[in-house]
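Structure first, then comments.
The numbers here are math on the coordinates, done by the rules we state, and not lab data. Note that the structure is a prediction, hence the values are computed from the model and not measured. Ideal geometry is used to build each Cβ from the backbone, glycine not excepted, and the neighbour counts take in all protein chains shown.
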Amino acid sequence: MTRNFTTRLAEHARHFPAAVALAHRGGDYTYAQVDAAVWTAAAGIHAAGVRPGMRVGLTCVDQLGYALAMLAVCRLGASCVSLPPGDPVVYREDLARRLALDFILVDRQANRLPGFRGGLVDCAWGLREPGDPVDRALEDPAPPAPCQIIVGSGSTGRKKLIPVGHEALIARASIFAGMIGMTEHDRVACLSPLDFAMCNQRLFEAIWLGAAFVVLEPLSNRTVDELRSARVSVLHASVFHAQHMLRGLPDSARDVLGFLRVLRIGSATVTETLRRRAMRQLTQNLFIRLGANDCGPITIARPADIASTPGTVGRPCEGVDLRLTGPDGAPVAAGEVGQIWMRSPGMVEAYIDDREANAAAFRDGWFTTHDLGRLTPDGQLIYCGRADDMIVYNGINIHPAEVENAMSGYPGVADVVCVPYRVAEGQALPACVIAFQAGREAPREDLARFAAERLGPQRPRQIVVVDAIPRTETGKLVRDALIVKIRSALAPRMRNADDEGARQSVAVDAARPVGLDVARPDGPQGMLQRFALLRPRFAVPRAEGIERLSRSISEVLSIEPGPGDADARALDETGLAAAFADRVARVARLFLELGRLPVFDPPRVVSLECSGERPRACAAALAFPVVENVPLECQRIALQSALQFCNQACAGPLGAEARESLLQAISSGVVAQLRRLVPAGASTIPVLRVAHELGIPYIHLGAGVYQLGWGSRARRMDRSITDRDSAIGARLSQDKMVAAGLLRMAGLPAPVHAAVQEREGALRAARELGYPLVVKPSDRDRGEGVTVDVADEASLLAAFDEARALARNRRAIVERQVPGVCHRLFVAGGRLLYAVKRLPMSVRGDGRSNVAELVDAELARQRSLPPWQRTEIRPIDDLALAAMAREGFAPTSIPADGTLVPLRRIESSRWGGVDEAVSDRVHPDNLAIALRGAALFGLDVAGIDIITPDIAVPWHRNGAIVNEVNIAPLFGGGEISKAHIGGFLKAFVDGDGRIPVEYFDGADAIARARARFAELRAAGRRCFVTSAVVTLDAGGAPLQLETSGLEARMLALACRPDVDAILAVRSQACASDTGADRLQK
């Protein structure tokens, strides 16, 4: 029997009356309060004439009122239909007529529909106590009508009306809860308004489980703070929302939504670029969901799947059957692309009054999604796009036929087509292209208004007018030619350097590794550097374009002028071409380094070939260093992006807005793309840069691990982890509870704390430990979710809720607070490398400006820097005000010159901070416990964090503790740290890490190599000899290697720890296997 969904709300109100059901604008409303308010609303709606089975439209501005109205309509057994007040009146009236709505609920007089002849009900309710007792018999316990009718786009150009029944809604809620492990303890939010199906479905899910649903304000730059203060643990977002949040973040931002247990992005294709950015900058707890209004959830991709399987939308949800079919409906072979068919308890049986759409969508109990996909061997579904031409934009299904039907009704339109036009992150804009009859035209604003009135949210986002739409003789659309027309109309107009309006080509030939004649031995005893030739083509700019480019490179990208940056006005055509190619190479090198590819010298311009009249076309050849186990696609991306930047810089001055937009595009585009391809940590590039300066060679072994040096003198590093770090120790150090226990076992001062999962446990721990306390997630770092100075039960419970919501294992740590400041002692090789006092994010007084002015000045200075050089400083907020007040400052205070004014209570990687060098002040007893801590965990390199009021005072006199032992501490992140990399490498690597590598050429090459082999062997050196096809070990016996070529064999030997020297024979006599005998003799 059908159950009324809202009976679940009543059950929660009876059994858990104090549990939070809705949160809005800082207030929490319990299930008892919400249930009572829904009964009041239902009574009011019933009194106005609404009965079971009726169709009721909802047009509510107030989101809380919308939620109550929707639940009240469902309770009465009627069907609710969203009529968002932001949609045009004409569009809403058309829906009301087609659905034959009986009533419309409105909360603003201005949103009434003049042409609607049904009943109108004022639904301006709030969450207030009910007045007179409500007749509970008003609830329809087994409503036959759907609780909701969702309006979707149809492949026939006619909107689909999707009736979702109570049982289907219950099934969807249960399925989705299982997908993400949602419980009654979660606080759920959605970034879409409640009158979107994407959002109100999430409300239904939360209520079914007894969780709290947080009603959010419209998306803004305060959304992250709102989510955090509302303690949201599960957030639902569309591609649009994710892009919006990422667009406002500096590239250095990391895990800004790390407090979420789940971030679910769906409603459109989520590209790999967007997935990587979201997991890096928003949260690693990213889930990708495939679903549809017609059927509910289909698959879910969890974080591990997303990280390991590009394009995945996950595995089928429990209770969902999935199959892939060919055009004839028969299943396709394993691994092949097919149309996705599914069935589940949440699927609707048919659309309302749409025989054609029903025949296409529902077959033998299956729903045909019109999406394409393929299954991986481990059962994951890879999304491969639409089988039809549907455009999914910001969670809205838009079918071109519907747009074309509507726009063809505009006076004078001769031809019209709607197509997806790809923009940033792969989001597809619905673009409508119109050709008018001869002599007819229309302003684009009129066309946009016409589209909005007739299509509402399904309207095109870009309208382009052309002379004629390119078609074949049979009328078939020539799509490629059309896209060119759209791009020409929408892309920013970019003048080329000679102001003749022709855009420069940025085509890059395919790259392949080559051994160049210009490649030199890496020092007197070195190995040949491998290069790849990339061949860009471009139009040669004029002198003024080169000068603009030089200024942009310096001012926008902070690249120092090169030695050859002469006055461009004195250069001829060839000189201008060479100058442009040189600057492109320097920008490409910067992009590679920002992408964490260790290329520290600009690619060399090997050749230039210019021809033709102005604008002269030029083909260049640039030699890029090859980094082992990194795809050459990285160099191609960097060069392509550098050409685009240089073309735009040559074209004209960059205004402040264009400059910031370009920098953000670099950070979120090329840099993000490179970092996805190059596995390396934040410490890797600073360490390798200093190694390069010291002449230490390096080889990328894969997965971000680098070998410094060759053969027997080589060492290996991953970020700041070395080949001497214990894997077991690393595992122990990464669990806060285990690490503290081991420290105490070894007699070292450690935190005193308890791990708790429930509020009662937190209160019990507080009674045992005493106040003040520190509360933090048990498995997070970077200072996330850490609350200090917890002094009472109210603040304890608030801190516990935040920490528990952030913790992946749902545990929080309640810890006895010790006085003092965190000091980081960077220990390497059994000695102190450096020590810093870690102060919070601050501004420094100048004796003239007040704090607010100092913050504004620093923000302005940071905006003048490229994103990758900016700090985490941000405008004064509540946290900053509290931190200032604690130290006796206010925004109007004028601090003395040199005085630091804190903007946060403590330093954290998330907010940044200020390091103060204290290496010369560390007391020997404090250094001793740092060294003992590193040795206890078997770590060669460790960041030992000691909390103490004064690092110059012994720990046993002031109550200091070893707060954490960190594996892979950030190295080279600040100026103090960078200054010590050289000292570390000199102790870590034996000299410059090089072993003797000698080359033998000419007719007597073999004889000389044999003689030198005997000398080195007699001296006790393990010397290996190799040619392009033959290699001999240290005993002179043939060594079988699964590689060929002199460079490849030398590289293989350089990776072996038993090689003291390499003799490379380039004689033609050793160009075949027969040379082995001659080498051995």
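Here the label points at E693 and E573, each 7 Å from Cα along the C-beta direction, are separated by 4.3 nm in the simple model. Ellipticity at 222 nm from helices only: DSSP H runs of n ≥ 4 in the chain, each -39500 (n - 2.57), divided by the residue count, give -9500 deg cm²/dmol.
The relative contact order of region 305-371, computed from alpha carbon pairs under 8 Å that lie at least 6 residues apart in sequence, is 25 percent.
Compared with the alpha-carbon gap, the fully stretched path from A307 to H370 is longer by 20.0 nm at 0.36 nm per residue.
With R₀ set to 51 Å, the beta-carbon distance separating D353 from R808 gives a calculated FRET efficiency near 0.60.
Between R25 and E560, what is the FRET efficiency for a Förster distance of 60 Å, r being their Cβ-Cβ separation, to the nearest 0.05?
0.70
Would you give the gap between the C-alpha center of region 16-45 and the C-alpha center of region 931-985, rounded to a whole Å? When both Cα centres are located, 52 Å separates them.
Under the simplified labelling scheme, the L632-E445 pair shows an inter-label distance of 5.3 nm, with each label point 7 Å from Cα along Cα→Cβ. If the chain linking D321 and L608 were pulled fully straight, counting 0.36 nm for each residue of separation and taking away their Cα-Cα distance, it would gain 97.3 nm. FRET efficiency for the pair D1001 and Q1040, taken as 1/(1 + (r/R0)^6) with r the Cβ-Cβ distance and R0 = 35 Å, rounds to 0.85. Rounded to the nearest 20 debye, the dipole magnitude of the chain is 1160 debye, with +1 charges on Lys and Arg beta carbons, -1 on Asp and Glu beta carbons, and the Cα centre as origin. Close amide H partners of C317, meaning residues 5 or more places away or on another chain with modelled amide H under 5 Å apart, are T299, I300. Counting 0.36 nm for each residue step from A755 to L865 and taking away their Cα separation leaves a gain of 35.3 nm.
Angle of helix 89-99 to the longest C-alpha principal axis of the chain, folded into 0 to 90 degrees and rounded to 10: 60°. Take each peptide in 666-675, 1027-1036, count the other Cβ atoms within 10 Å of every residue, and average; sorted highest first, the result is 666-675, 1027-1036.
Relative to the longest principal axis of the chain, what angle (0 to 90°, nearest 10) does the C-alpha long axis of helix 444-455 take? Helix 444-455 sits at roughly 60 degrees to that axis. Within region 4-42, whose backbone N sits under 12 Å from a point 7 Å along Cα→Cβ of E167? From region 4-42, the list is 4.
Restricted to Cα atoms, region 189-242 shows a radius of gyration and a Dmax of 10.7, 31 angstrom.
Sparsely packed loop sites in region 12-59 (the trypsin sites (Lys or Arg not before Pro) outside DSSP H, G, I, E and B with at most 12 other Cβ atoms within 10 Å) comprise R25. Karplus-derived 3J(HN,Hα) values for region 810-825, using 6.51 cos²θ - 1.76 cosθ + 1.60 with θ = phi - 60°, are 6, 10, 10, 9, 9, 10, 5, 7, 10, x, x, 10, 6, 10, 9, 9 Hz; glycine and proline are entered as x. Summarising the strand pairing of the chain, around 75 percent of its internal DSSP beta bridges are antiparallel.
Prolate is the label for region 956-1044. Its Cα gyration tensor axes, ordered a ≥ b ≥ c, give a/c of at least 1.5 and a/b above b/c.
Close amide-amide hydrogen proximity is noted between D371 and I340, A387, each under 5 Å apart and 5 or more residues distant or on a separate chain (H modeled in the peptide plane; Pro and chain starts excluded). For Cα Rg over 2.2 N^0.38 Å, the value calculated from this model appears in (i) 1.07; (ii) 1.42; (iii) 1.12 under label (i). Between the Cα long axis of helix 573-594 and the first principal axis of the chain there is an angle of about 70°, rounded to the nearest 10.
Placing pseudo-labels 7 Å out from each Cα toward the beta carbon at R51 and R14 gives an inter-label distance of 2.8 nm.
Net charge of the neighbourhood of A682, taken over other residues with C-beta under 10 Å away and scored Lys/Arg +1, Asp/Glu -1, is +3. Please sort by residue number the GluC sites (Glu not before Pro) in region 179-266 whose DSSP state is loop and whose Cβ has at most 15 other Cβ atoms within 10 Å. Hits after loop and neighbour filter: E184.
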